[in-house]
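The values are calculated or read from the model by the stated rules, or taken from the named source; none is laboratory data. All values derive from a computational prediction rather than experimental measurement. Cβ atoms come from the backbone with ideal geometry, glycine included; neighbour counts cover every protein chain shown.
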Amino acid sequence: MSQTPTLHDRYPELGRGNIPIGPYIDPAFYELEKKYLFKKTWLHVGRVEEIPKTGDYFVREIAACDASIIVCRDRSKQVRAFHNVCSHRLNRVAYEPAGTTRKFFCKFHGWAYDLDGSLTGVPSEKHFMDFDKKCNGLTPVSVDTWNGFIFINLDPNPSVSLKDFMEPMFAGMEGYPFERFTACFAWNTVVNCNWKVALDAFQETYHVAYLHGRSIADSLDLDEEGILHPIDALCGEYHRRLSIAGNPNTVYGNPQAGTDASSASSVVSQQQETGRQIAKKALKVSAGGTKLDFSDVVLPELLNWTKAPNWAFDINVVFPDFYLSCRPNYFQAYNFRPVAHNKTLFEVRVYYPEMKTAGGRFYQEYMKTALRDVLLEDLSTLETTQTAAETGAKSEMIIQDFELMVRHQAVVVDRIIEEGLRRDSQLQAAE
Ligand code: FES
Ligand SMILES: [Fe+2]
């Protein structure tokens, strides 16, 4: 059988063998992931625009870290993160998923905490013994930002800074206009599958021709067999990237739709395509609809790093569970948060430019509906895959060249668990 494993050839260290199923179905492996991976790694939790003003906050339940985390903007405009745990008898201090407040109040006995986490109010304080308010604030959590994305780390002393974690693969993202995509919509759902099963469905192109055959397959640049070849893939120590080619004659595959006043409509006037009239209309009326100007944006070279003329978008997977797909005209930020070994909270956020014209709004509504259909297709296989994996009928998965990122994820997770176990056994031996 002829083989052209162009992507795998560049990463011989990742191997070529089958991928064992155990890590996708074994509750004990999930416990190891929690301990050595999720509780030790930077995790994306939201964007700075969600908490623009002093007192704004949101709460994230991070099941893989057994934690409820408050992220807020303090009086000096700094972003802070704390465990949502009262210092007195451990009740919660934030009760809404998001809001604005002057202080965090515990509803049990009324302790009050300032936005920097310091304990400021204790009813009947004189009846506490050997007690110092100054030492009993909320427990801080490591927090930092990268290009407006907020990350937390449950390790009080992270082994690597967020900057050093991100830079090896994403330093060149500087200049991407994240802050101009101010219109956001979000969907959340819990899927009954392992977090890696879910993320895998979003980091390979092999499935596009089949699973998305009736929806977006024609928006992407397929070969004569109808298969979507990635333009290129990059695998780092943790993160990975995939570059995807599109068909600019379609609204979904045109990277200029919406943000470029002329090119989308000129594409429409040139094309001969007769099908998908509504999609065609959406592409046409999108032109020049944005409220903010995008004409001065120079996209970072990192985006289309091969400079392919038919490039449409990048898939970036920020290890472990953050999927960031950047396009010239919008970006998608998804999280695949583990809830259990066979349960994943799938958080979808899509950021578009705010539109000032009816045509622009129509384009956005079209894109939203198209994405809904695509995501439902993507989610349609996940629960049956998990159930099938748990039958034990198969002990391994077979990986094709365009599924290199699936392999990379399995290898990196495995490496981190092994490193953690080795560290622990060395510590035990030294005791
Ligand atoms: S548990 Fe919070 S004030 Fe008592
Ligand atoms: Fe898909």
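Things to note:
- Candidates 210, 206, filtered to the one that is assigned to a loop (DSSP other than H, G, I, E, B), of a type outside the set (D, E, K, R) and over 17 Å from residue 324 (Cβ atoms): 206
- Test: residue in the stretch 88-102 that is within 12 Å of ligand 1 (Cβ to nearest atom), assigned by TED's automatic domain parsing to the domain that holds residue 51, closer than 25 Å to residue 46 by Cβ and touching a residue at least 40 places away in the same chain (Cβ under 8 Å): yes
- Boolean, residue 411 is assigned to a helix (DSSP H, G or I), touching a Gly at 6+ places or on another chain (Cβ under 8 Å) and surrounded by fewer than 19 Cβ atoms within 10 Å (Cβ to Cβ): yes
- Among the residues of the stretch 113-127, those identified as in contact with a strand residue (DSSP E or B) (Cβ under 6 Å, 6 or more places away or on another chain) and either within 16 Å of ligand 2 (Cβ to nearest atom) or more than 18 Å from residue 73 (Cβ to Cβ) (or both) are 119, 121.
- Single residue of 145, 189 found to be within 16 Å of ligand 2 (Cβ to nearest atom) and under 30 Å from residue 325 (Cβ atoms): 189
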